[in-house]
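J.: Sharing a structure, written as structure tokens. Questions coming.
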Amino acid sequence: MLSNMVLTINTFSCCSTSPLSQIYFASFFFTHQLVQTMSMTATPPAVRSYLTPGRPTSKFMTRARMAVRSNLLSFAPILINLQRDCATPLPVLRHVADAMAADMRAGLAVDGRSDLKMILSYVDDLPTGNEKGLFYALDLGGTNFRVLRVQLGGKEERVVATEFDQVSIPQELMFGTSEALFDFIASGLAKFAQKEGGKFHLPHGRTREIGFTFSFPVKQTSIDSGILIKWTKGFAVSGTAGKDVVSCLNEAMQRLGTDMRVSALVNDTVGTLAGARYWDDDVMVAVILGTGTNACYVERVDSIPKLQEQKSVSGRTIVNTEWGGFSNGLPLSEFDRQMDADSINPGEQIFEKTISGMYLGEIVRRVLVKMAEVADLFGEHASAKLSTPFILGTPHISAMQQDSSKNLEAVGSILYDVVGVDSNVNARKIVWEVCDTIAKRGGRLAGAGIVGILEKMEEDSKGVIYGKRTVVAMDGGLYEHYPHYRKYLQDAVTELLGSQLSKNIVIEHSKDGSGIGAALLAATNSKYEH
Ligand code: ADP
Ligand code: MG
């Protein structure tokens, strides 16, 4: 009898989402929205007998109940505090949008005075559609590098043919030397160029021209040179910071004897803007939401005090905001602060760490670790896997959120496969809530950032944005593959601008626009005549 009871009690105390705990949980958080998502299941007879008034309560049982309660007391507040710390009501969004606009101005006034570097791209002329010939693009973005060739046929034929290839970057190269990384890239590019044929024609005697998309902060010094300021997104390659990345690539190609040259160094946001503008003249802003995040937009040169020589014929130039560095007034939790402190760049890229693909899964993992440790969310057995940083990726949390089955089976199998934990349906609901909290904050803050850019453009030139169709070109794996995130982003834009103004703001996925965009910028900046 005693051993039976001990067994039963242990089952209760180790599992915070047992029926007994549900009852406690529901009464404790009756007013909280969580109750809406936690379905109450009928209390099974075995449990009911524990709750029957008048049944003798042993010391053992009292202790067990206290254990359950203390688990719950420590467990549920974790979620509630998280939701409070990550909340993005309209005033927070408005603050973020206004602060983004103010930081943009500060960064345009003088270098080094703002979280936003507001880097000049040297791209003053966007593609017109008249570009012709064979051009290459190389995209070094984070997780992968991509190579692409495009045969452009001018206004009539437009894009005649494209081919691309993708290579993932070995982990060790992300922490190795600059030479090793650029040799790897140059050799991937050379192999790809060797397979050229079919519809792709390079006029005799010409060197292949490349638009090099390099999605890390670079101080651009001309259209085909730029100094790496620092690596981000988990890269810690030695010997590149402070160097011209085009020279690094050219030198690697020389070492390999490859006859190719970089005609345009472009940030991926700039490539996306150029690629989208090729098809649609209303594109004014481009945003990347992938491993990292960034945004660029079309700026008037007379709105850039730090620009000394205003050589742009068009009177406009693309400015790369590097908005990942934004930090003013962001709603952050203890988990964000710990992740930042443990990162290779503490105190930097806070906006990026809050909204981009590299980090969302990791924030969720950190919350789950605390819930597992403090409150046995997944039972009493700890999982070593769950303690592994970055093991839970943003693709996983997006897949979990897309599980709409009653028992959240997909959530259960992802938790089991990826972080090695067993979960009951209520634990899965909590996990779903955590994913939703982090994705919602990310999407809504990204939306507020976009409104900040539009606001700044409109303040400088009344009517340039509002009241006419304006397209924001979006790209990146996070935006492409996470529907909830996309919806939260759009919601924030609509809330901030109101339904009338937001009707004219088209937030549009421009898939892989940056690759073609970079090739197009190689064409507009070609050393040969068109
Ligand atoms: P990069 O930013 O490295 O150039 P991508 O734009 O392809 O590459 O974005 C890759 C990132 O997108 C991944 O690091 C991941 O964070 C995110 N991602 C990829 N697939 C998904 C998915 N299914 N759901 C949510 N996010 C995803
Ligand atoms: Mg990319």
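The values are calculated or read from the model by the stated rules, or taken from the named source; none is laboratory data. Computed from a prediction, not measured in an experiment: that's the story for all the values here. Please note: Cβ atoms are built from the backbone with ideal geometry, for glycine as well, and neighbour counts cover all protein chains shown. Side chains are part of the model used for accessible areas, which takes the heavy atoms of the whole protein and leaves out ligands, DNA and RNA. Shrake-Rupley method; radii C 1.70, N 1.55, O 1.52, S 1.80 Å.
J.: Between beta-carbons, use under 11 Å as the cut-off and find the net charge around GLN401, counting Lys and Arg +1, Asp and Glu -1.
T.: Numbers: positive: LYS440, LYS487; negative: ASP403, GLU433, ASP436.
Net local charge, GLN401 excluded: -1.
J.: Once R0 is set to 30 Å, what does the formula 1/(1 + (r/R0)^6) return for the Cβ-Cβ distance between ASP342 and HIS509, expressed as a FRET efficiency to the nearest 0.05?
T.: Working: r = 33 Å, r/R0 = 1.09.
With a Förster radius of 30 Å, E is 0.35.
J.: Over all Cα pairs of the range 432-482, how is the pair count split among 5 Å bins, expressed in % and running from 0 up to the last occupied bin?
T.: 4, 16, 21, 21, 14, 12, 8, 4, 1
J.: Using alpha-carbon positions, what is the distance between the centroids of the range 470-530 and the range 285-299, in Å?
T.: Spelled out, the Cα-based centre of one part sits 8 Å from the other.
J.: Suppose the chain between LYS311 and THR177 were pulled fully straight at 0.36 nm per residue; how much longer would it get relative to their current alpha carbon spacing? Could you put the intermediate results ahead of the total?
T.: Values: separation 134, 0.36 × 134 = 48.24 nm, distance 3.70 nm.
Answer, rounded to one decimal: 44.5 nm.
J.: Then there's this: Largest first and to the nearest Å, give the Cα extent of the range 115-230 along each principal axis.
T.: Projected onto the principal axes, the Cα atoms of the range 115-230 cover 43, 32, 25 Å.
J.: Roughly to the nearest percent, how much of the accessible area of the chain is carbon and sulfur, given a 1.4 Å probe? Display every interim value, and only then the final one.
T.: Working: 11950 of 22080 Å².
Accessible surface attributable to carbon and sulfur in the chain totals 54 percent.
J.: Sticking with this structure for a sec: Here are some pairs, LYS191/LYS353; LYS306/LYS456; LYS191/LYS219; LYS385/LYS429; which of them have Cα atoms lying more than 26 Å apart in this structure? All intermediate terms of the calculation are to be shown ahead of the outcome.
T.: Numbers: LYS191/LYS353 35 Å; LYS306/LYS456 17 Å; LYS191/LYS219 30 Å; LYS385/LYS429 20 Å.
Violating the 26 Å Cα-Cα cut-off are LYS191/LYS353; LYS191/LYS219.
J.: Please list ILE397, ILE223 from largest to smallest accessible area, probe radius 1.4 Å, with all protein chains kept in place.
T.: On the way: ILE397 0, ILE223 30 Å².
The residues order as ILE223, ILE397, largest area first.
J.: Here's something else I'd like to know. Tell me which chymotrypsin sites (Phe, Trp or Tyr not before Pro) from the range 349-425 have a DSSP coil assignment and no more than 14 other beta carbons within 10 Å of their own.
T.: On the way: sites: PHE351, TYR359, PHE378, PHE390, TYR416; in loops: PHE378, PHE390.
The qualifying sites are PHE390.
J.: Hey, rough spin-label estimate for ARG255 and GLU196, points 7 angstrom out along Cα→Cβ, what's it come to in nanometres?
T.: Inter-label distance under the simple model: 2.3 nm.
J.: Hey, what number do you get for the chain at 222 nm if only DSSP H runs of n ≥ 4 count, each worth -39500 (n - 2.57), divided across all residues, to the nearest 500? Present the calculation step by step, with values, prior to reporting the outcome.
T.: On the way: 20 runs with 255 residues, N = 530.
Estimated from H runs of four or more residues: -15000 deg cm²/dmol.
J.: Percent of alpha carbon pairs in the range 292-346 separated by more than 19 Å? Please list the in-between numbers first.
T.: Details: 737 of 1485 pairs.
Pairs farther apart than 19 Å: 50 percent.
J.: On average over all directions, what projected area in square nanometres does the range 301-444 have, based on the convex hull of its Cα atoms?
T.: Numbers: hull surface 45.5 nm².
With the hull built on Cα positions only, its mean projection is 11.4 nm².
J.: Can you give me the orientation-averaged projected area of the convex hull built on the Cα atoms of the range 456-530, in nm²?
T.: Working: hull surface 27.9 nm².
Averaged projected area of the range 456-530's Cα convex hull equals 7.0 nm².
J.: Can I ask one more? As a test of understanding, state the convex hull volume per residue of the range 250-372 from its alpha carbons, in Å³. All intermediate terms of the calculation are to be shown ahead of the outcome.
T.: Values: hull volume 24.9 nm³, N = 123.
Here the figure is 203 Å³ per residue.
J.: Something else about it: Can you tally the net charge around GLU309? Count Lys and Arg as +1, Asp and Glu as -1, for every other residue whose Cβ sits under 13 Å from the Cβ of GLU309. Don't jump to the answer; show the numbers that get you there.
T.: Numbers: positive: LYS306, LYS311; negative: ASP124, ASP302.
Net of charged neighbours comes to 0.
J.: Can you give the FRET efficiency to the nearest 0.05 for THR388 and LYS487, using r as the Cβ-Cβ distance and R₀ = 30 Å?
T.: That gives a FRET efficiency of 0.50.
J.: State the volume of the convex hull built on the alpha-carbon positions of the range 371-459, expressed per residue in Å³ and rounded to an integer.
T.: Values: hull volume 10.0 nm³, N = 89.
About 112 Å³ per residue, rounded to a whole number.
J.: Sticking with this structure for a sec: At 20 °C and 1.002 mPa s, grab the translational diffusion coefficient of the chain from Stokes-Einstein with a Kirkwood Rh over Cα pairs, rounded to a whole number in µm² per second. Let's see the in-between values first.
T.: Numbers: Rh = 25.1 Å.
D = 85 µm²/s.
J.: Once the Cα gyration tensor of the range 377-518 is diagonalised, what are the square roots of 5 times its eigenvalues, in whole Å and ordered largest first, as equivalent ellipsoid semi-axes? Intermediate results must be reported in sequence, preceding the final value.
T.: Working: eigenvalues 282, 50, 30 Å².
Rounded to whole Å, the semi-axes are 38, 16, 12.
J.: To continue, here is another question. Provide the FRET efficiency to the nearest 0.05 for the THR207-TRP279 pair, computing r from the beta carbons and using R0 = 22 Å. Write out the running numbers ahead of the final one.
T.: Numbers: r = 28 Å, r/R0 = 1.28.
Once the sixth-power term is evaluated, E becomes 0.20.
J.: Enumerate the amide H contacts of MET474 below 5 Å, restricted to partners 5 or more residues apart or on another chain; note that Pro and chain-start residues carry no placed amide H.
T.: The answer is VAL287, GLU508, HIS509, SER510.
J.: Also: Per the Kirkwood definition applied to all pairs of different Cα atoms, how many angstroms is the hydrodynamic radius of the range 231-319?
T.: On the way: mean 1/r = 0.0632 Å⁻¹.
It is 15.8 Å.
J.: When the Cα atoms of the range 345-405 are enclosed in a convex hull and the volume is divided per residue, what value in Å³ results? Before the final figure, lay out the partial values.
T.: Details: hull volume 6.4 nm³, N = 61.
So the per-residue hull volume is 105 Å³.
J.: Counting only other residues whose beta carbon sits under 10 Å from that of THR269, what net charge do I get with K and R as +1, D and E as -1?
T.: On the way: positive: none; negative: ASP268, GLU322, ASP475.
Local charge sum for THR269: -3.
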